[in-house]
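Remarks on the structure that follows.
Nothing in this text is a laboratory measurement; each read-out follows from the coordinates by a stated rule. Keep in mind it's a predicted model, so treat the numbers as computed, not measured. For neighbour counting, all protein chains shown are included, and Cβ atoms are generated from backbone atoms with ideal geometry for every residue, glycine included.
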Amino acid sequence: MEYVNAFERTQSLPLPETSRVLQALGHPVRLRIVAGLLDGSCCVGPMVDCLGLPQPTVSRHLAVLREAGVVEATAEGRERRYRVVHPLARTVVDHLHAQGR
């Protein structure tokens, strides 16, 4: 009976959107990108330097995050500046940080 009650509570949740965000966060590199963007926006270049990964790899991970609605990019001249826009992504990464302490 408890399962049925818990199942019924999920009927009003935005499960497809939640699932999409959690899938996008399901890679260590993407988690690191989101964690790095929590305090502000950033272009790809500094991310590449901090992550120690090739630019195409970082760009692919950013594309996954963008398609899931986790980050948003704004054009700044020839570069794009990324920032976290989905509140669930912020909550998940904040929670992981709190658990790591």
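Assorted remarks:
- The value of relative contact order for the chain, using C-alpha pairs under 8 Å at least six residues apart, is 30 percent.
- Each of VAL93, VAL85 has some number of other Cβ atoms within 10 Å of its Cβ, and from fewest to most they run VAL85, VAL93.
- With the cut-off at under 17 Å, measuring from each backbone N in region 82-101 to a point 7 Å along the Cα-to-Cβ line of GLU17 picks out 84-92.
- Here the chain is assigned +1 on the Cβ of each Lys and Arg and -1 on the Cβ of each Asp and Glu. Its dipole about the Cα centre then comes out at about 240 debye.
- Order by protection proxy (mean Cβ within 10 Å, highest first), peptides 39-47, 56-64, 73-81: 56-64, 39-47, 73-81
- Taking the convex hull of Cα positions in the chain, its mean projected area over all directions (nm²): 7.8
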